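Read-outs throughout are calculated quantities, based only on the coordinates presented, and are distinct from any laboratory measurement. Here the structure is a predicted model, which is why all the values come from computation and not from measurement. Ideal geometry is used to build each Cβ from the backbone, glycine not excepted, and the neighbour counts take in all protein chains shown.
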Amino acid sequence: MTVSIVTDRVEFTAPFGILGRLAEKLVLHRYLERLIVDRGRFLAQLE
């Protein structure tokens, strides 16, 4: 059995000043979090 550890580190800053920061807080944070969780589930199924 082989074990792998994957660490995702995401740094993201939306453009467009205050509107971008608002979009980060309202939409992008949840989207990126869900994307990483879904990716982890997909990778776990590859075993």
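Here are labelled values, (i) 12.6; (ii) 13.4; (iii) 14.4, and one is the computed Kirkwood radius over Cα pairs in Å for what I pasted. Which one? The listed entry that was calculated here is (i).
Converting phi to 3J(HN,Hα) with the Karplus coefficients 6.51, -1.76 and 1.60 and the offset θ = phi - 60°, segment 18-27 yields 5, 5, x, 5, 5, 4, 4, 6, 7, 10 Hz in sequence order, with x at every glycine or proline.
Given a Förster distance of 22 angstrom, what is the FRET efficiency for residue 43 paired with residue 16, based on the Cβ-Cβ distance and rounded to 0.05?
On the way: r = 33 Å, r/R0 = 1.49.
So, using R0 = 22 Å, E works out to roughly 0.10.
In the chain, the longest principal axis of the Cα atoms and the axis of helix 29-45 are about 10 degrees apart.
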